[in-house]
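Below you'll find the structure, written out as structure tokens, and then a few comments.
The values are calculated or read from the model by the stated rules, or taken from the named source; none is laboratory data. Nothing here was measured: the structure is a model prediction, and the numbers come from that model. Cβ: placed from backbone, ideal geometry, glycine included. Neighbour counts: every protein chain shown.
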Amino acid sequence: MDISRITPRLFISSWPQAGESVHLGELGIRLVISMTTREPLSEFCTEPLGWVHLRTIDSPVTPIPLQSLRRGVLASLPVLADGGGVLCHCREGRHRSVAMACCILIAQGCTAASAAALVKEHREAADPGAFWIAPRIRKFEQAWLGGWRDDAHVAAAVHEAECGCSGA
């Protein structure tokens, strides 16, 4: 399985294959965030795995919607706060899933730059600096710091979640 551990509970992978849901459970993954247009395999849509399908396209012409990134972050924070793992995936694990993982790290207190560096350090294929991905990560950071993090239903999860980078 093509999976990279970014922090103790945050993972990035390419499209999961049939039969791999058991391995995800062994890693403690409780939520899968899919950043593809493909429908998930049924085995990934059963307990104990949760599934968030954010239909996005990896294209400079069609930027990842900030609301999709926000939705993925809001779904992940309670899982992480409860000690569960989160897997972000796209087709190749290079761009969309990397953007989502960086946004989750930002919500946990990292800067966009430190989140991108951490992801790149732990996943060789990651390209958070792609010219159409890096601006989305930075825009999410601006929105998060500009008020999204202050949402009452998010505050407790952010406080409880652990970040894998220094925040510098």
Query raised in the report: out of contact with any helix residue (DSSP H, G or I) (no Cβ under 8 Å at 6 or more places or on another chain), closer than 18 Å to ALA126 by Cβ and buried (at least 20 other Cβ atoms within 10 Å of the Cβ), is that true of HIS95?
Result: yes
Query raised in the report: With ALA101, ALA113 as the choices, which residue is of a type outside the set (Ser, Thr, Tyr), touching a Pro at 6+ places or on another chain (Cβ under 9 Å) and at pLDDT 95 or above?
Result: ALA101
Report summary line: The lone condition GLY93 fails out of (1) modelled with pLDDT of 90 or more; (2) over 10 Å from the mean Cα position of the chain (by Cα); (3) assigned to a helix (DSSP H, G or I) is (3)
Query raised in the report: What pairs can you find where one residue is in the range 52-72 and closer than 10 Å to ARG136 by Cβ, the other is aromatic (Phe, Trp, Tyr) and assigned to a helix (DSSP H, G or I), and their Cβ atoms are less than 7 Å apart, with a gap of 6+ or different chains?
Result: LEU66/PHE140; LEU69/PHE140
Query raised in the report: Just for the range 32-49: of the residues that are at pLDDT 80 or above and surrounded by fewer than 22 Cβ atoms within 10 Å (Cβ to Cβ), which one is nearest to LEU87 (Cα to Cα)?
Result: THR36
Report summary line: Conditions (1) closer than 24 Å to ARG149 by Cβ; (2) in contact with a helix residue (DSSP H, G or I) (Cβ under 9 Å, 6 or more places away or on another chain); (3) part of a loop (DSSP other than H, G, I, E, B) -> GLY83 fails only (2)
Query raised in the report: Hey, LEU118 hits all of (1) in a helix (DSSP H, G or I); (2) crowded, with 24+ Cβ neighbours inside 10 Å; (3) touching a residue at least 24 places away in the same chain (Cβ under 8 Å) but one; which does it fall short on?
Result: (2)
Query raised in the report: How many residues does the range 131-156 contain that are part of a loop (DSSP other than H, G, I, E, B) and either charged (D, E, K, R) or modelled with pLDDT of 95 or more (or both)?
Result: 4
**Report entry** Selection status of ILE57, among the aliphatic types (A, V, I, L, M) and either crowded, with 19+ Cβ neighbours inside 10 Å or within 9 Å of the chain's Cα centre (by Cα) (or both)
**Finding:** no
Requested in this report: Return only the number of the condition from (1) crowded, with 18+ Cβ neighbours inside 10 Å; (2) modelled with pLDDT of 95 or more; (3) in a loop (DSSP other than H, G, I, E, B) that CYS163 does not satisfy.
Outcome: (2)
